[in-house]
Amino acid sequence: MIAVLNTEDIEEGSSKGFEANSIYMFAVKKDNQIYLYWNRCPHLGTPLEWEEDRFLDADGALIQCATHGALFQISDGRCLAGPCKGKSLKPVPFIIDNGMVMVENHILNLST
C-alpha cells in the first residue's frame, strides 16, 4: 500500500490534487467523507482542475471540469451535465489507515 494523502491535509468541503507514481488523482472531503478519483475527465481525458486544488464548482456542491464545465456528483463521480453526461469519473479504491489515505501499489498501474 502507498500513502497518498493525509486526511488532515484536506479541509471539509474542499478538494486537493496530488500525484503518486506519476499518476494524478484528486480527493474531495464532503460531510467528513473522502472521495478519491483519477484526475481525468471522461470526455477528453483532460485534468479537471482549473487552478491548483480547485476541482469543485463555486458552491462546493459538485466537481467541475475546467475544460468544458461538466459537472459531476461528488459521491459517485457521475456526470450530471456537460459533454460527458451519463459517464462517470473513475474512482480510486482506497482505505484510511491512521489518518492516511492508502491505495494498493497495483492500483496505480491500472489507471489507464
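The values are calculated or read from the model by the stated rules, or taken from the named source; none is laboratory data. Predicted, not measured: the structure shown is a model, and the values here were computed from it. Please note: Cβ atoms are built from the backbone with ideal geometry, for glycine as well, and neighbour counts cover all protein chains shown.
Results, tabulated for the structure shown:
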| read-out | value |
| --- | --- |
| Scan of segment 76-112 for residues that are of a type in the set (Ser, Thr, Tyr) and in contact with a strand residue (DSSP E or B) (Cβ under 7 Å, 6 or more places away or on another chain), ordered by number | 88, 111 |
| Candidate set from segment 25-55 (those that are aliphatic (A, V, I, L, M) and surrounded by fewer than 22 Cβ atoms within 10 Å (Cβ to Cβ)); member that is modelled with the lowest pLDDT | 44 |
| Within segment 1-59, considering residues that are free of Cβ contacts under 8 Å to residues at least 60 places away in the same chain and among the aliphatic types (A, V, I, L, M), the one farthest from residue 85 (Cα to Cα) | 10 |
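One line per residue, one yes/no per condition, for (1) crowded, with 17+ Cβ neighbours inside 10 Å; (2) among the basic types (Lys, Arg); (3) under 16 Å from the mean Cα position of the chain (by Cα):
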{"site": "58", "(1), (2), (3)": "no, no, no"}
{"site": "64", "(1), (2), (3)": "yes, no, yes"}
{"site": "68", "(1), (2), (3)": "no, no, no"}
{"site": "81", "(1), (2), (3)": "no, no, no"}
{"site": "90", "(1), (2), (3)": "no, yes, yes"}
